[in-house]
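What follows draws every value from the coordinates through simple rules; no lab data is involved. The shown structure was predicted, so the numbers you read here are calculated from the model rather than taken from an experiment. Glycine also receives a Cβ, built like all others from the backbone with ideal geometry; neighbour counts cover every protein chain displayed.
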Amino acid sequence: MIKVMTFNIHHGKGMDKQANLHRIAEVIDICEADIIGLNEVDSRFSKRSLYEDQAAWLANQLKMDYSFSPSISRSSKRSAEIREYGNALLSRFPIIKMKSHVFNKIAGMEGRSLLDATIRINKQPIQINVTHLSINPFLHKKQTDFILSHHHQTANPIILLGDWNMKPGSKGWRKLTGQFQDAWHIGGKGQGATYPSLRPRLRLDYIFASHDFKIADAEVVTKIPVASDHLPVTATLSF
């Protein structure tokens, strides 16, 4: 059995407007998740996150392996380091390969990317994807289509994690559930709303798994809801 989590951390900025990665780490630690997909992660991005490499900090704090996929990269006036923002993966299992796919964008729209990693569990390679899709319907469709076509290239079991910016039952959701299991749809109870965190009304954060997995349960995590503007979701899987 493995426990997976998806969590949009809003660069560590909580509903009290304070940037506090310790709270994010505490939520992850409490849940005892093995594989965590993170959205809205800063890497030396700006003063808003104290120029912290957030994925590295969380991985060190939680004693995990990690990968980072930038959706936005900018040069910095402060130093030679590139300022980046995107998706990250934390894993108790070794990450043996990682590729970042930056999606095409429209001027004025936020950059998006797909983190495509291979981890190894008991000699079995597993594909883990972390993404945060566009709110623009045209871009959302193109990004969803890319993810679905991309996975025809691997025979490994697949887990997709992220903030998909879509509603259950939408066209994008139907496309994804044509090939993958929606963990909440199978193992969750209730609406599964994750946003906004203090009074959640929308289900934006999803865990999808290929049919190699059996989904035991799924849960919206309501511990320390002030930590981010989204609530995380966990699911217990076996394969």
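Ordering of 206-212, 118-124, 18-24 by packing is 206-212, 18-24, 118-124, highest average first (other Cβ atoms within 10 Å, averaged per residue). Annotation: for a label point projected 7 angstrom from Cα along Cα→Cβ of ILE30, residues of the range 211-234 with backbone N closer than 18 Å are 218-234.
Stretch LYS105-PHE146 to full length: gain in nm at 0.36 nm per residue minus the Cα-Cα span?
Numbers: separation 41, 0.36 × 41 = 14.76 nm, distance 1.35 nm.
This chain segment gains 13.4 nm when fully extended.
Around the Cα centre of the range 2-238, unit charges on the Cβ atoms of Lys, Arg, Asp and Glu (plus for the first two, minus for the last two) sum to a dipole of about 540 debye. The ranking of ASP163, ASP145, ASP16, ASP229 by Cβ neighbour count inside 10 Å, starting from the fewest, reads ASP16, ASP145, ASP229, ASP163.
In this label model, ILE135 and ASN122 are separated by 4.3 nm, measuring between points 7 Å along each Cα→Cβ vector. Pick out, in residue order, every one of the trypsin sites (Lys or Arg not before Pro) in the range 150-239 that is DSSP loop and has at most 15 other C-beta atoms within 10 Å; say none if there are none. Here the trypsin sites (Lys or Arg not before Pro) that fit, given the DSSP loop and packing criteria, are LYS189, ARG201, LYS223. Counting only DSSP H runs of at least 4 residues, each contributing -39500 (n - 2.57), and dividing by the residue count of the chain, the helix-based mean residue ellipticity at 222 nm comes to -5500 deg cm²/dmol. For the pair LYS223 and MET98, the difference between a 0.36 nm per residue extended length and the Cα-Cα distance amounts to 41.9 nm. Using the beta-carbon distance between PHE239 and SER75 and R0 = 30 Å, what value does 1/(1 + (r/R0)^6) give for FRET efficiency, to the nearest 0.05? Here the calculated transfer efficiency is 0.10.
Label separation (ASN20 vs MET1): 3.1 nm, computed from points 7 Å beyond Cα along the C-beta direction. Could you pull out the pairs from LYS99/LYS175; LYS99/LYS223; LYS99/LYS214; LYS63/LYS99; LYS63/LYS141 whose alpha carbons sit more than 30 Å apart here? In this structure, LYS99/LYS223; LYS63/LYS141 exceed 30 Å between Cα atoms.
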